[in-house]
């Protein structure tokens, strides 16, 4: 009888652990996956333009497809602020071409309500 009780207690503990783990993973905010590495990966094909200012990307280019996907997938203010902060920090750390960074969204056919600069307060951006 003690063995049977021990098995049901172990089974209950395992079920509780599985339930708790599922709760942790299922309730992660979608924006948790939007870190700077993810953002940079989306626009890697824009690297030459962002460092030299040429060639200007065309809307159908892989650069613009990445930019459009990045901003299109960002559906919350927090995600837009994360993109802004990442790009702002990259501009500072890697001395990106300011004009290229500022014009990238419009070159790719996007109309944003803000322009990313080295001194933008990304926390002030909202959707």
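Readers should treat all values here as calculations from the given coordinates under stated rules, not as data from a laboratory. Predicted, not measured: the structure shown is a model, and the values here were computed from it. Cβ: placed from backbone, ideal geometry, glycine included. Neighbour counts: every protein chain shown.
Under the definition of Cα pairs under 8 Å and six or more residues apart, what whole-number percent is the relative contact order of the range 34-124?
Numbers: 99 pairs, mean separation 30.5, N = 91.
Averaging sequence separation for qualifying contacts and normalising by length gives 34 percent for the range 34-124.
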Quiz item: What spacing in nm lies between the two simple spin-label points modelled at residue 118 and residue 69, each 7 Å away from Cα in the Cβ direction?
Solution: 3.1
